[in-house]
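Data block below; observations after.
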Amino acid sequence: MIVLRFALALILTAEPGVQSTSPGKPLTPIPAQDIDTYEKAGPYERIRGADGSFSDEQVQRIGRTREWLWAHWVSRQRALLIETSYTIEGDRSTAYYFVEPDRDGHWRTSMKVERLLYNYKFKDPDCKRFRIEEFTAYSVDRVDSTLDKSGLYPVIPQEEKRPPKDYLIRFHLREVNEYSYY
């Protein structure tokens, strides 16, 4: 199961047609550094089939990206992963994952999500909204991809070797005090 969930608590209008939904601004800007110094992966697309599942090829690619992202977090190596996904309605979201130190040198994973949403209220196909959401996670760990008896994802020790299909990366989002999973 692959879950990418961003809880939104506040919507702020930045300029006409652009909305920022970051409940609290990150301590330092996203990205915090010059991205020319980052190792990059993507852009990739997450495309689900008609039944809502990923093809075997997509599952393998997501596994490789998960492994790549985790390796950069553990080794404290600057990285940028870009991935686009779509809702079942066809709304597009592009996520930018930055593994980086903030201005004080504390390592974090920052996420910037750009969403282009259809305005269903007015049933106008040309009326779209652009939203930007920003989150930071200073607490990042690997968890088992299946829930335990109490409904939680058990944490995997960092030194334990596992194939990427058998774990998720869990980000503790500072701004909303919730978890997001990759």
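The numbers here are math on the coordinates, done by the rules we state, and not lab data. Keep in mind the model is a prediction, meaning the values are calculated, not measured. For neighbour counting, all protein chains shown are included, and Cβ atoms are generated from backbone atoms with ideal geometry for every residue, glycine included.
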Inset, instruction - First select every other residue whose beta carbon is under 11 angstrom from the beta carbon of Val74; then total the charges, Lys and Arg +1, Asp and Glu -1. - result: -1
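If neighbour count is taken as other Cβ atoms inside 10 Å, put Leu117, Leu147 in order from fewest to most. Working shown, then result.
Working: Leu117 16, Leu147 12.
Ordered from fewest to most neighbouring Cβ atoms within 10 Å, Leu117, Leu147 come out as Leu147, Leu117.
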